Amino acid sequence: MTQAARYVKLATLTGRVDTLDSSYHAAFYLLSYDPEVCDIAARHITHDGINFPGLKRAARGFDERTRQVIDVAHNLFSWTSRCSVTPFDISRLGYPYMELVYNACHIAVGEVQVVIQKGRDGQETMVLDDAAYQQAKGIYMDMEQFQDSMISEMEHDEADELEP
């Protein structure tokens with residue numbers, strides 16, 4: 001089963017796939033990466049949400065990195081949850097976990113959308129659509145260029161005023 005299929009499986013367990021917010025999508029993105037984590041997570045997902053305390057208890061036997069990714073998923077899902085994972089910890093996750101966490105952060109804020117498509121072989125594939133992120137980045141870059149040009153113009157005007 002692919003990550004895309006596992007992701008769909010987790011989302012379907014809520015019974016409200018079409019109305020899930022970005023917090024769910026970020027959590028499901030992280031929880032669907034590993035087949036074993038997905039199987040345990042599936043037992044803790046209901047229409048009411050994700051029972052992270054139960055999921056964390058069930059994942060005690062997993063390696064530290066996997067438990068850290070679950071902790072990040074919890075924090076992205078429930079913003080007020082305590083997260084013991086620090087930026088330093090994230091920097092030490094290595095590939096692929098650090099990239100997964102990075103992507104999940106963008107998913108949680110709504111800058112990236114998880115898109116499930118059918119591949120040529122009929123299997124579901126996952127694509128991350130970063131159009132909203134690219135648009136925000138473009139606007140920021142345009143504003144930065146505008147600000148730089150305004151500063152340059154002001155400096156030029158000041159230099160003209162100083163000349164005799």
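The values are calculated or read from the model by the stated rules, or taken from the named source; none is laboratory data. On a predicted model such as this, the values are computed, not experimentally measured, just so you know. Note that we place each Cβ from the backbone using ideal geometry, even for glycine, and neighbour counts take in every protein chain shown.
Below is a table of values for the structure above.
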{"item": "Pick from the stretch 43-67, criterion assigned to a helix (DSSP H, G or I) and in contact with a Leu (Cβ under 9 Å, 6 or more places away or on another chain), ranking: surrounded by the fewest Cβ atoms within 10 Å (Cβ to Cβ)", "result": "ARG65"}
{"item": "Residue count, the stretch 6-19 (criterion: at pLDDT 95 or above and either part of a loop (DSSP other than H, G, I, E, B) or hydrophobic (A, V, I, L, M, F, W, C) (or both))", "result": "5"}
{"item": "Single residue of VAL114, VAL37, VAL85, VAL101 found to be out of contact with any Ser or Thr (no Cβ under 8 Å at 6 or more places or on another chain) and assigned to a helix (DSSP H, G or I)", "result": "VAL101"}
{"item": "Residue that is without any contact (Cβ under 8 Å) to a residue 24 or more places away in the chain and β-branched (Val, Ile, Thr), where the choices are VAL85, VAL114, VAL109, VAL72", "result": "VAL85"}
{"item": "Of the criteria (1) in contact (Cβ under 8 Å) with a residue 12 or more places away in the chain; (2) not assigned by TED's automatic domain parsing to the domain that holds LEU20, which one GLY138 fails", "result": "(1)"}
{"item": "Residue list for the stretch 68-82, restricted to those being assigned to a helix (DSSP H, G or I) and either surrounded by fewer than 17 Cβ atoms within 10 Å (Cβ to Cβ) or of a type in the set (Asp, Glu) (or both)", "result": "ASP71"}
{"item": "Residue identified as touching a Cys at 6+ places or on another chain (Cβ under 6 Å) and charged (D, E, K, R) among ASP71, ASP121, ASP89", "result": "ASP71"}
{"item": "Criterion (under 20 Å from VAL8 (Cα atoms) and under 12 Å from the mean Cα position of the chain (by Cα)) met by exactly one of ASP129, ASP48, ASP121", "result": "ASP129"}
